[in-house]
Amino acid sequence: MQIIIKEYEKGFSGYIKNIDRETFKECTKSDQQIDDTALNHGNKVFIAFYGEKAVGFISLLKAETLNYSGYWIDLIAVLPQFRGHSIAGMLIKKAYDYVENKNCEILTALIRVNNISSRKAFEKESFAPSENDFKIYSKDISRGGKNAI
């Protein structure tokens, strides 16, 4: 299976939406919003293609703090019918190569505990889970401002 990985370009939003429709079903952004986000200087998105068909993508977020410089893997998605062909691994390797060339110190992925396939893909690429237990806290500020829960 010949997979080509391309850097996100303006107009690739349809590929992201198609992959999302078959995986997470969470993307509600317009094409313009996806372009703006994916092309923001702090983000990087790579898309895997099998021929002309987009079959997966990985989204990176720049994380620059007082303690480290790196990237977070925000999201990785592969179409269900293309899973099991190492596409996630190819995307992870592409992200690693990109971050390594940016002289960053760390590449981090946040994975749901029950997402066994993602955990296996990252472990196969020599990522190690944290020894610490972390809880992710968030507050949805889109509905109700300061008092939203």
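When you look at ALA95, is it touching a Leu at 6+ places or on another chain (Cβ under 8 Å), under 23 Å from ILE19 (Cα atoms) and of a type in the set (A, V, I, L, M), yes or no? Spelling it out, ALA95 is indeed touching a Leu at 6+ places or on another chain (Cβ under 8 Å), under 23 Å from ILE19 (Cα atoms) and of a type in the set (A, V, I, L, M).
Take ILE73 and tell me if it is of a type in the set (A, V, I, L, M, F, W, C), in a strand (DSSP E or B) and within 21 Å of ASN18 (Cβ to Cβ).
Numbers: of a type in the set (A, V, I, L, M, F, W, C): yes; in a strand (DSSP E or B): yes; within 21 Å of ASN18 (Cβ to Cβ): yes.
Yes.
Looking only at residues of segment 1-60 that are farther than 15 Å from VAL78 by Cα and of a type in the set (Ser, Thr, Tyr), we find that the one that is modelled with the lowest pLDDT is THR28. Take the conditions (1) more than 27 Å from ILE136 (Cα to Cα); (2) modelled with pLDDT under 95; (3) surrounded by 12 or more Cβ atoms within 10 Å (Cβ to Cβ); GLY84 misses just one of them, which is (3).
Among the numbered conditions (1) surrounded by 14 or more Cβ atoms within 10 Å (Cβ to Cβ); (2) of a type outside the set (S, T, N, Q); (3) at pLDDT 90 or above, the only one that ILE111 does not meet is (3). The single condition from (1) assigned to a strand (DSSP E or B); (2) in contact with a helix residue (DSSP H, G or I) (Cβ under 8 Å, 6 or more places away or on another chain) that ILE92 fails is (1).
The values are calculated or read from the model by the stated rules, or taken from the named source; none is laboratory data. Small disclaimer: the values here were computed from a predicted structure and weren't measured. FYI the Cβ positions are ideal-geometry reconstructions off the backbone, even for glycines, and counts take in every protein chain you see.
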